[in-house]
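Working notes, structure below.
The values are calculated or read from the model by the stated rules, or taken from the named source; none is laboratory data. All values reported here derive from a predicted model rather than from experimental measurement. Virtual Cβ from ideal backbone geometry, glycine too; neighbours counted across all protein chains shown. Please note that ligands, DNA and RNA were not included when accessible areas were found on the heavy atoms of the full protein model with its side chains. Shrake-Rupley method; radii C 1.70, N 1.55, O 1.52, S 1.80 Å.
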Amino acid sequence: MLGDVPEGASGVNNADGIFLVRCRRSALANSRNVPAANLLRRVGVEANFHFLHDLGLHDLEAPAESFGISMAIGSLPTKLERLLRAYAALADDGILSELVYAREQKARRV
């Protein structure tokens with residue numbers, strides 16, 4: 001359960017200005033910024049930065065602190081192909097695979 005309430009001083013807000021108070025899986029599906037920021041705080045900026053690296057979203061040498069909590073709302077630069085692979089891994093129980101560009105092409109696990 002993640003909180004979706006006005007944060008005030010943190011500067012993170014939901015784009016639609018609506019707060020659901022509590023949400024579960026719907027936080028990602030509905031692009032809720034506040035629960036995403038709260039989860040990142042709970043996990044830790046450094047741990048999240050390394051997780052996103054392992055997921056293939058970036059290969060940056062910059063310190064995690066240079067992005068901070070804003071990583072929760074998409075501040076980390078990445079390429080569209082990397083983002084698609086990450087979303088595919090979410091849909092495939094966390095298994096990272098190469099992208100398939102044609103129906104005839106077979107999927108390869110990474």
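For residue 83, are the conditions met, namely being of a type outside the set (Val, Ile, Thr), on the phi < 0 side of the Ramachandran plot and touching a helix residue (DSSP H, G or I) at 6+ places or on another chain (Cβ under 8 Å)?
In short, no.
Go through the range 24-110 and tell me which helices (runs of 4 or more DSSP H), entirely inside it, have 2 or more residues that are more than 12 Å from the chain's Cα centre (by Cα).
33-43, 45-54, 80-91
Could you figure out which of (1) open to solvent by 40 Å² or more (accessible area, probe 1.4 Å); (2) of a type in the set (S, T, N, Q); (3) farther than 26 Å from residue 108 by Cβ isn't true of residue 33?
(1)
From the set of residues in the range 45-57 that are in contact (Cβ under 8 Å) with a residue 12 or more places away in the chain and either in contact with a Phe, Trp or Tyr (Cβ under 8 Å, 6 or more places away or on another chain) or among the acidic types (Asp, Glu) (or both), which is farthest from residue 110 (Cα to Cα)?
Among residues in the range 45-57 that are in contact (Cβ under 8 Å) with a residue 12 or more places away in the chain and either in contact with a Phe, Trp or Tyr (Cβ under 8 Å, 6 or more places away or on another chain) or among the acidic types (Asp, Glu) (or both), the one farthest from residue 110 (Cα to Cα) is 45.
Taking residue 109 as the residue in question, decide whether it is surrounded by 11 or more Cβ atoms within 10 Å (Cβ to Cβ) and at pLDDT below 90.
no
Considering 86, 72, which residue is among the aliphatic types (A, V, I, L, M), open to solvent by less than 70 Å² (accessible area, probe 1.4 Å), modelled with pLDDT of 90 or more and closer than 29 Å to residue 14 by Cβ?
Step by step, each of 86, 72 is checked, and only 86 is among the aliphatic types (A, V, I, L, M), open to solvent by less than 70 Å² (accessible area, probe 1.4 Å), modelled with pLDDT of 90 or more and closer than 29 Å to residue 14 by Cβ.
Among the residues of the range 50-69, write down those that are buried (at least 17 other Cβ atoms within 10 Å of the Cβ) and out of contact with any Leu (no Cβ under 8 Å at 6 or more places or on another chain).
Hit for the range 50-69 is 64, nothing else.
Can you run down the residue pairs with Cβ atoms below 6 Å, 6 or more apart or on separate chains, where the first is in the range 65-85 and over 17 Å from residue 100 (Cβ atoms) and the partner is surrounded by fewer than 15 Cβ atoms within 10 Å (Cβ to Cβ) and of a type in the set (S, T, N, Q)?
What qualifies is 67/75.
Determine whether residue 38 is out of contact with any helix residue (DSSP H, G or I) (no Cβ under 8 Å at 6 or more places or on another chain) and either in contact (Cβ under 8 Å) with a residue 60 or more places away in the chain or open to solvent by less than 80 Å² (accessible area, probe 1.4 Å) (or both).
Here the answer is yes, as residue 38 does meet what is asked.
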